[in-house]
Structures are given as C-alpha cells and as structure tokens.
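My questions will all concern the structure given below.
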Amino acid sequence: NLRFFAELYGVRDPRRVEEALALVGLADRAEEPVATLSKGLRQRLALARALVHDPPVLLLDEPTSGLDPEAAKEVRDLLAELSLAHRAILLCTHNLAEAERLCHRIAVLKTRLLAVGAPAELKARLFGRRIVVTLARPAPGLPQVLNLPFVRSASLDGAKLFVAVEEPERHNPLLVRRLVELGAEILYVEEEERTLEEVYLELVEGDRAA
C-alpha cells in the first residue's frame, strides 16, 4: 500500500517507505494487510502516506474523525511529535477541544475568515482576562470597595469574586494584598479559563450581528 503511494509521489528510494512507517510507529507491521489493521492504525498509515514524500507542510482533514478515544489520543500524540520536529501542519477540524490542544495558531472560518491568532490571544481579544477569587464566605460590598486603578470591573457571584484585569501576572499580588487588607478570607486565586468553543460562538454571533 505505502510503496504504491510512494511511487505515485515519485519516491524511488525504498528507505523512505521504511522511514515513514517508523515515524508513525508501524515499522513492525509493514507486511500486514491493510484490511487487518484497526481504524486507529489505518489513520496512522494514512499519515505515513502523507509523509512518505517528506512534504514541508502537512495538510490534514479531520484526522481523528470516527476514532475511539484511545486511537484518537494516539493520533494526537503523533501530530504533537511531528510538530515538535519542526514540520508545519495545517489541520482542518470541527473538534475545537482538539484544535486547542494541538494548534499554535487558529483560523476561525464560517463561510469567511473571522479571526486568526493563538488560542490565548483570541480569548484575551474577545473576553479580556478575569481572575476568579474564591472566598471563604460571601462579601457583598467587596466589588465596590476594591478601587484599584488596574481593575476594569469586578462582580460577586456567591463566594466567587470575578475581577477583570489587563495583566494578571503583574497585578494579582496587588489584588490579593488589597483583598486581605479589606478583610477577605481567600481560599483560591485562579485565572478564568475560556474555551475555544466559546471563542467560536462569540465570533459567529458577532458576525451575524454585524
């Protein structure tokens, strides 16, 4: 199978076939018929076919579609290894959680290009950055008395205080110090995690409203 595709690409060196199989972890199954391979292993073979002519850019369309969780993880791990080997990978997928795990830059498409950027950059651009402070007990007046120049907004939901700041790495110590001065009993401080799904929905909704 792989030798046939290598010939289609004009690859005459049989070592390239061996190298491609080794790269995807199939070197020890080189002589097995494709029909006997599991779906996950067939996806690995498909990646070997894409790699056999050593392309500088790898174009992949839904590489984990239809795979069980274990096989999908194997393919994701392989793609991460290929990326670390400085191979450019262009991945087309509807699996936003997978895109967030694998991709350094994201292009969001919905009939047209809506946004391009690193996942963290897109989240910050659309939602800003918010710190979630979990308190030992609710403190209703706390958002109003913070009065710090770097706080863009603050709100309280039960015992959770949500504070929007521009640079958490720089401002968190000042924020915590002020809260302690105001008598707040702090249990946890963490940055609010937005997902790529939220980014996508926000962009699509904004595009509809435009």
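Run the dipole for the chain about the Cα centre, Lys and Arg Cβ at +1, Asp and Glu Cβ at -1, nothing else charged, and hand back the magnitude in debye, nearest 20.
400
What is the dipole size for region 101-198, taken about its Cα centre, with +1 at each Lys and Arg Cβ and -1 at each Asp and Glu Cβ, in debye to the nearest 20?
Roughly 340 debye, rounded to the nearest 20.
Here's another thing I want to ask about it. Hey, could you pull the Cα Rg and Dmax for region 126-196, both in Å?
Taking only Cα atoms of region 126-196, I get Rg and Dmax of 11.3, 36 Å.
Write down Rg/Rh for region 2-103, rounded to two decimals, with Rg from the C-alpha atoms and Rh from the Kirkwood relation over Cα pairs.
Radius of gyration relative to Kirkwood radius: 0.95.
For region 55-114, I need the span (max minus min coordinate) of the C-alpha atoms along each principal axis, in Å, sorted largest to smallest.
32, 28, 18
In terms of the ratio Rg/(2.2 N^0.38 Å) built on C-alpha atoms, what value belongs to the chain?
Normalised Cα radius of gyration, the chain: 1.44.
Laboratory data are not the source of any read-out in this text; all were calculated from the coordinates shown. The structure displayed is predicted, hence computed values, not measured ones. Ideal geometry is used to build each Cβ from the backbone, glycine not excepted, and the neighbour counts take in all protein chains shown.
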